[in-house]
Amino acid sequence: MALEAIRLLDLVAALSVGTDLGNGQPPGTAMRITRRALRVAREAGLAVDDAEVVWTGLLRFAGCVSTSVEEASFGGDDLALRSALLSTNLGDPGDLVVHLGSGRYVPPGSGPIDLAEFARRGPELAPSVLAAHCEVALSLSRRLGMDPAVLASVGAYHERWDGGGPMGARGEQIPLVSRLLAVCQGVELHGHLDAGERGALIRARAGSMYDPALAECALAFDDTAPGSPWSTLESVAAVAARTVSGAQTAPLFEALGDWADLKAPFFAGHSRSVARVAAVVARSEGEDATLLRAAAAVHDIGRVGVPNGIWERPGPLDASERQRMRSHVAVGLDVLGWIPGSAPIRRLVATHHERLNGTGYPAAFEGAALPRAAKILAAADAWVSCLQSRPHRPAMTRDEAAATLSAGAREGALDARAVAAVLDAEGIASARPALPAGLTEREADVLALVARGLTNKEVGERAAISPRTVQQHTLSIYRKIGVGTRAAATLFAAEHGLVG
C-alpha cells in the first residue's frame, strides 16, 4: 500500500499539536497564537508574509521537548514547568514566583514544581536550555524545507526586545514575525484574565519582553475568534498549496520520530532504529516496507505528552503512573490524526504495544486481531528497546536481547515468525552508515555517547580516553556538524543513524 501524498501544513500542524502537549498546553495552542498573529498583522497593516507567520507560528515551539530531562529535574513534571514558563517573564524574579508558584499556569493534576531548586539552579541552566530550544527548532525546520526567512524567525523564538535572549538580539534586530508572535503568545496564554488585567500585564512587559508598538497592536485587536483556528491557517494559499508526494513522506515521518526521541537521552535514535529494522523485515516478508518504515518512525511520538518523571523512574510504576505511561499511544494517535491519509500508519501505531496473548495495551487485542505488519513492528520495537538502556535496567547484549525476544515468542506474546525475521535481519539493519560531515570513526563513537547524555568523564570511561580528549572531540564534532548544543547534536546523530 503506497503512502498517500500529504500537505506539509498537515504534518507541521501535527508537530505543533505534539509540541503543545509537550508544553503542557491544550492541543491547538500554537494554532491559536498563529491565528491571532495573522489577525493583528492584517488589521494593523504590518508588512509581514502570511506564510512566514504560519510556518514560524507552528514550528517555533518544536525544540522545547529537547530539554525535558533538565526541566524534569525541578520536580519530575517537565510539562508543568514548561507550561508555567511559557506565560512567564523570565527576566523578572517576582513574575517567576507568581507564575511558578500559583498553580494557575499548569495542567490539572500536574506534579509539583520544586521552587527552591528552580531558584537555585534555574538561572544558570536557562541560557543553555533556551539555546537548545532554538537550535532544535531550526534543525527540524530545515529538514522540513523551510525558507531562510522562516528559519530566521524560528531561530529568534526566545529573543527579547531588551536583548536578554540567548543570542542577544535586541529591538528591530529581531525579525518582525518573531516579535509579533511573541506578544500574541503573551495575549493568548493570558486569556483567562479579564481585558484590563491582560492589558496591564502585556504593557508591563513591553520594552523588556515585547516590542512596545506591537504590544499595543496586539491589545488593540484583542478579541478571541470563535471556533477552530484551522480554517484561518488553511486560507493562506502559499501554505496550503505545499504538498509532499507519497514517496517522499517517509523521511518527514522520520523527522517527527527523531524529534519525539529527544524526550530523553535514553530514547535517542530509538524510533529511527525500529524503522530501519522493520523496513528490512518487511522487505524479506513481502510487506509494505515504506508503510512500516513510516509507522515505525512515529510509533512512540506520543511520549512527548507524558512527564519525564514517569519515563525516568528507576523502579516499578504504580497503577496511575502505568496508566499515564500507556496513554502515550492515544496521545500519538491524536497527534497523527491531524494528517489526513495517515490512517494506515495510525492503525499500526495503535497496536505496536499489543501482544498476541492479550497481555498488551491499550486494547488488549489478541493475535487474530493483529495484522502481520503490526506483529513485525512489535518485534522490531521490542528488539531495539532491549538493546537500549533504560532507567530501570541496563542495555542488554545482543545475545540477551535475542533470548528475551525468543522467550516472548515461546510465551505467546510476540509472533515467532516476526521474531525470527527480526533476528535474521539484525546484522543488515545494524550496519553503520557512511559517516557524515567528515566525522572520524572515533568522533562518531563519541557523538553516540554524547547523544546518550553521558558526561565527559563517562564518555571517556566508555571510549578509554581522557575527559579532556572527549572535550576536544566534542568541540570538533560540534564544529563539523554545525551545532552548539547536545540536543541538536543528538538530533543530527539520530538523523544519520549514529545512535539507536
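Write down Rg/Rh for region 148-230, rounded to two decimals, with Rg from the C-alpha atoms and Rh from the Kirkwood relation over Cα pairs.
0.99
Work out how much length Ser284 to Ala200 would gain on full extension: take 0.36 nm times their residue separation and subtract the Cα-Cα distance, in nm to one decimal. It would help to have the intermediate numbers written out before the result.
Working: separation 84, 0.36 × 84 = 30.24 nm, distance 6.42 nm.
Residue separation times 0.36 nm, minus the Cα-Cα distance, leaves 23.8 nm.
Applying a 10 Å radius around every beta-carbon, put 201-211, 277-287 in order of their mean neighbour count, most first.
Numbers: 201-211: 19.2, 277-287: 22.0.
Listed from highest to lowest mean packing, they are 277-287, 201-211.
Note down the magnitude of the dipole of region 70-206 about its Cα centre, charges +1 on Lys and Arg C-beta and -1 on Asp and Glu C-beta and zero elsewhere, to the nearest 20 debye.
Numbers: 12 positive and 17 negative charges, 56 e Å.
Using Cβ point charges on Lys, Arg, Asp and Glu, region 70-206 gives about 280 debye.
Give me log10 I(q)/I(0) at q = 0.15 Å⁻¹ for region 1-117, Debye formula, one equal scatterer per alpha-carbon, no solvent.
These q points yield log10 I(q)/I(0) values of -0.76.
Mind checking the full-extension length gain between Arg410 and Leu435? Use 0.36 nm per residue of separation minus the Cα-Cα distance, one decimal, nm.
Stretched out fully, the Arg410 to Leu435 stretch lengthens by 5.1 nm.
Could you state the accessible area per residue of region 277-387 in Å², with a 1.4 Å probe and every protein chain left in place?
Values: 4020 Å² over 111 residues.
That works out to 36 Å² per residue.
Report, in cubic angstrom per residue, the convex hull volume of the C-alpha atoms of the chain. Each step should come with its number before you reach the end.
Working: hull volume 72.4 nm³, N = 500.
For the chain, the hull spanned by Cα atoms encloses 145 Å³ per residue.
Could you give the size of the charge dipole of the chain about its Cα centre, using +1 on the Cβ of each K and R and -1 on the Cβ of each D and E, expressed in debye and rounded to the nearest 20?
640
Within the set of other residues whose C-beta is less than 12 Å from the C-beta of Leu3, count the net charge using Lys and Arg as +1 and Asp and Glu as -1.
Neighbourhood net charge equals -1.
Counting just the Cα atoms, what span does region 50-206 cover along each of its three principal axes? Round to the nearest Å and put the largest first.
For region 50-206, the Cα spread along each principal axis is 41, 37, 28 Å.
Percent of accessible area on the chain owned by carbon and sulfur, 1.4 Å probe?
55
Can you give the FRET efficiency for Ala369 and Ala237, using 1/(1 + (r/R0)^6), R0 = 25 Å, r = Cβ-Cβ distance, to the nearest 0.05? Walk me through the intermediate numbers first.
On the way: r = 43 Å, r/R0 = 1.73.
Computed FRET efficiency for Ala369 and Ala237 comes out at 0.05.
In nanometres, what is the gap between the two model label sites at Ser245 and Lys480, each 7 Å from Cα along Cα-to-Cβ?
According to this spin-label approximation, the distance is 3.4 nm.
Run the numbers for His192 and Arg42: contour at 0.36 nm per residue of separation, minus the present Cα-Cα distance, in nm.
Gain on stretching His192 to Arg42: 51.5 nm.
Report the dimensions of region 392-500 along its three principal axes from the alpha-carbon atoms, largest first, rounded to Å.
49, 27, 21
Sorting check: for 94-103, 339-348, which peptide has the highest mean count of neighbouring beta carbons within 10 Å, and how do the rest follow?
The densest-packed peptide leads the list: 339-348, 94-103.
For Lys457, go through the lysines and keep the ones whose alpha-carbon is under 28 Å away, minus same-chain ones fewer than eight residues off.
Filter leaves Lys263, Lys480.
Using 1/(1 + (r/R0)^6) with R0 = 25 angstrom and r between the beta carbons of Ala149 and Leu125, what's the FRET efficiency to the nearest 0.05?
Result of the calculation: an efficiency of 0.20.
Angle between the Cα long axis of helix 270-285 and the longest principal axis of the chain, 0 to 90 degrees, nearest 10?
So the inclination is approximately 40 degrees.
Whole angstrom only: what separates the Cα centroid of region 438-482 from the Cα centroid of region 10-26?
Here the answer is 32 Å between Cα centres.
Please give the per residue accessible area of region 218-257, computed with a probe of 1.4 Å over protein heavy atoms only, in Å².
On the way: 1810 Å² over 40 residues.
I get 45 Å² per residue for this part.
The values are calculated or read from the model by the stated rules, or taken from the named source; none is laboratory data. Since we're looking at a predicted model, the values are computed, not measured. For neighbour counting, all protein chains shown are included, and Cβ atoms are generated from backbone atoms with ideal geometry for every residue, glycine included. All accessible areas refer to the heavy atoms of the entire protein, side chains included, with ligands and DNA or RNA removed. Shrake-Rupley method; radii C 1.70, N 1.55, O 1.52, S 1.80 Å.
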